[in-house]
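What follows is one structure encoded as structure tokens, with my remarks underneath.
Read-outs throughout are calculated quantities, based only on the coordinates presented, and are distinct from any laboratory measurement. Only a predicted model underlies this, so the values are computations on that prediction, with no experimental measurement involved. Don't worry about glycine lacking a Cβ; one is built from the backbone with ideal geometry, like all the others, and counts go over all protein chains shown.
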């Protein structure tokens, strides 16, 4: 995106009322009015959304991405507009998505993607000749335009590109969408409706109805003035193929991308001319062209720039930028503006039309194994059901400019966006934020959830008899302020002078629900649960506990076994082990919650593959905080002054059930079953269906995390619902959407982090260590000398082998950096 354009239009897009694309209207108002008129609206990512991987850069798909998982359900012929629950969820959780799209299916977009004004006008004339004029005409980047019609029958999405030039035509049918209101990512101006009506002034029924047969005749007519070839799809044994991004199956991914790049390097003639590069010229053994996707270092216009981009037997090099080396996939993505999926399809069908060995690299939101990266995907909301947010399967569709961001996973909500649950949990987070010198809501989320889960323990159950026992893990670097929330929870529990707490009739009041900082043995843990059958273990430096459980001693294994078993015993009973002279004591409905705190490096060093294979890690909800450390400020309130209302509401939950809840060896009374509303049930079923789809294609290492995703969502929803109203609790659509989103965020974080940090053998551990160093160096890269200095324990031959594997797989790029004259070039590795 042009930085100058952004600066020039900063005032235009500075407020939500302007960023919506409709001056004076908030995005939620735009969507509600569209839905009222019968248009199926969708939230669109901001045109200037930042890229989390590259500071200062704009995210891929900005201004066009739909970050709602499963939104294609709305892009169907028989779909209905978004429900009020979905519209409300978008308003709360999608502030980073101020634009509004319209899902196709019942409506069809004829996307005339031509920058030749005369050609665009002629294609429009042919459309109106076949279909009749439409009152709905949208312009984003003139002379390109979009004509909107009604569908007489289901019509699939199809895209055609001109055999000569950069023009294209797209039929936006089922499974696609177009931006109706917002800021165009190239012009940085509002989209305009230039016809008699717009979606805010007219209904879909005001558009002419067109059939599939008419569309075929129209495409044939366009071919008469602009020879077309269909774009997209993988030709071979399957009609189409979609590479799903995820790097869990590293060997399959390495092999696939290496083979594809090798085939492309061996046959430049098959694909380089199709890139449409400026002033491309045939050279002995290859081609030369202008690398038009980057600016000229000398400021020359395009027609005067040097042919610095070379394709030859040594590879692809941009001699005017470093030099910088590219893989064939790099060039396709840069030259055509495609995502990894589309680039693979485009290149694969040219270098080998019979290619039929695509990788199953996974779905769900980690990082791609190709040479560019894709952001992680937490969760989003779909028709009142929550699904991925930066995310579950957030599919970005092509729009009028042919910026084809095919199916990829992108975040729809950061962890910070998920720190506003309703009720008591959210209010505790608010208080932690007000009393902290470094306010970080994400650091308080786990503490608030853990404490309320302990207060509600043994008293409430979901319709499937799940309880509120939660295992939560907060990872953040030192100095982030994560211990402040732990101290705040202790302050609430220590308010024994509050009259509502005194009425609990116990020695420690709310303190009965807090345990020690660490359980050193299985016996100690069981004794704790006898006295406090519903308890929260706030464990700072949790990596120490994990280290202890991973020891080979039998006592360490007993503690690990208890952690595993207690997680699944909250609705029944747990007897544990019996020792000589110490009989087993049955614990009824033990509600054991854990909130562990650690730094990422310490935790993952302690985790190891045993924690993964034993099933311990998937039982945790991971809150992986990777945002910059908050700035220091003067707290708005003192942590010593606990709000009385907060204490009273905590005490109200604790008082339910009387003292029967405080004896772990006595059977617990029947819990209150908290019902789902219809919206909550629909949200949960949608989330379950999505997760099950992913389970069918992932490898064994990822599957345990997916198995627990729905369970985590239900427990989170139950905990928050009790905090909203402990006297008549119910799990609403809003609460379930939030819970599914957080559960998915955790699932994706665990899969991505464990793939990069947990090794099965010594070589893989070295591989991950080196890759993290390169990744941590950022865009500037890291030299081979520095790598050797920081990995002295790795043999030089192995280091060279590891770096070669990463380069071949496209995970890192190797550049030659010129030094002083006469000196050897330095090798620079960049992710």
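Overview of values
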read-out	value
Förster radius 56 Å - calculated FRET efficiency between residue 666 and residue 205 (Cβ-Cβ, nearest 0.05)	0.30
Shape of segment 716-769, Cα gyration tensor, a/c cut at 1.5	prolate
Rounded if a/c under 1.5, otherwise prolate or oblate - segment 101-188, Cα gyration tensor axes	rounded
Gained length - residue 773 relative to residue 637, 0.36 nm times residue gap less alpha-carbon distance	44.9 nm
For 715, 629, order by how many other beta-carbon atoms lie within 10 Å, fewest first	629, 715
Spin-label model distance (nm) - residue 314 vs residue 792, 7 Å beyond Cα toward Cβ	3.6 nm
Contact order relative to length of segment 705-816, as percent, for alpha carbon pairs under 8 angstrom and 6 or more apart	18 percent
Approximate spin-label separation residue 700-residue 521, in nm, with each point projected 7 Å along Cα-to-Cβ	3.5 nm
Highest-first arrangement of 29-35, 273-279, where packing means the average Cβ count within 10 Å	29-35, 273-279
Peptide ranges 99-112, 734-747, 188-201, 481-494 listed from the most packed, as the mean C-beta count within 10 angstrom indicates	734-747, 99-112, 481-494, 188-201
R0 of 30 Å, Cβ-Cβ distance residue 565-residue 490: FRET efficiency to nearest 0.05	0.60
Whether segment 3-226 is rounded, prolate or oblate, judged on the alpha carbon gyration tensor where a/c under 1.5 counts as rounded	oblate
